[in-house]
Amino acid sequence: MEPAETHPDRLIDFWEWLVENRRQVILAIFIAVGAVLIVYTQRLNSQMAEESASEDVLAAMDPDRFSTDKVNSESTKSERFAEVVANHPDTAGASNAKFLQASALFDEGKFTEAEAVFSAYASENPLSPLVAAAALGQASCKASLNVNDPGAAAAYEAVRSQHAGTAEAVQATLALGRMAMAKKNMSKARKLFTEVSTNRVSQIWASSASDLLRQLAPAESQ
């Protein structure tokens, strides 16, 4: 299914969140990988499985610097992470790879597939610190497929309510504002943009919201 046409200013959604928070996400993955590599467990087989999965995650993330026999460097990024998930079931590495697979699918424009993987990740890892990001990813996939889908707005609202105070909630609010702006609901858009413009989570998003508020002024006067 082809992505629907949206407002000329593309929805600020999951991918922009991921770009801004790339260092934190990668750091979290590396910390998880490092923890697996340095923690000795009583079950040697389990330890070896985690180490192998972690090595493959690194190879899937950066095949130019890391390589293993189980990860095909010629595959797309999403395919490489899918290989890790398939080859290392029930490991922390596979869990990390699933989130990264969904992110890569989104970047590749495969929104239906990305939404399914985000959903699976959230279901399998309810206590993960990336659950909010997965929820934002699902909402962004819905909006990318059809910005007028009521389910997209509902998904963004769910991120706002279930993950209040997070970076993901701010992104969801900004996306809802853009959706309202595209539908010419200027009063709702102004309310949402104002909320984001005063947030303390990200100055970048606050600045974006302020710019959008300035764009609303001439539109509202017409």
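For the condition among the acidic types (Asp, Glu) and within 18 Å of Met61 (Cβ to Cβ), Asp107 qualifies.
May I ask you to verify whether Ala217 is modelled with pLDDT of 95 or more, open to solvent by 20 Å² or more (accessible area, probe 1.4 Å) and farther than 23 Å from Glu108 by Cβ? When the stated conditions are applied, Ala217 does not pass them.
Please indicate, with yes or no, whether at least one residue in segment 73-86 is assigned to a loop (DSSP other than H, G, I, E, B), β-branched (Val, Ile, Thr) and open to solvent by less than 40 Å² (accessible area, probe 1.4 Å). No: segment 73-86 contains no residue that is assigned to a loop (DSSP other than H, G, I, E, B), β-branched (Val, Ile, Thr) and open to solvent by less than 40 Å² (accessible area, probe 1.4 Å).
So, in segment 195-208, of the ones that are assigned to a helix (DSSP H, G or I) and not aliphatic (A, V, I, L, M), which residue ends up most open to solvent (accessible area, probe 1.4 Å)?
The selected residue is Gln203.
Every test in (1) at pLDDT 95 or above; (2) out of contact with any Phe, Trp or Tyr (no Cβ under 9 Å at 6 or more places or on another chain); (3) more than 24 Å from Thr76 (Cα to Cα) is passed by Thr173 save one, and that test is (2).
The residues of segment 163-174 that are open to solvent by less than 30 Å² (accessible area, probe 1.4 Å) and more than 13 Å from the chain's Cα centre (by Cα), listed by number, are Val170, Thr173, Leu174.
Among the residues of segment 178-194, at least one is in a helix (DSSP H, G or I), surrounded by fewer than 24 Cβ atoms within 10 Å (Cβ to Cβ) and of a type in the set (S, T, N, Q).
Only one of the numbered conditions (1) open to solvent by 60 Å² or more (accessible area, probe 1.4 Å); (2) outside any helix (DSSP H, G or I); (3) not small (Gly, Ala, Ser) is violated by Asp211, and that is (2).
The values are calculated or read from the model by the stated rules, or taken from the named source; none is laboratory data. Remember, predicted model here, so these are calculated numbers, not experimental data. Here the Cβ is made from the backbone with ideal geometry for all residues, glycine too, and neighbour counts use every protein chain on show. Note: areas computed on protein heavy atoms with side chains; ligands, DNA, RNA excluded. Shrake-Rupley method; radii C 1.70, N 1.55, O 1.52, S 1.80 Å.
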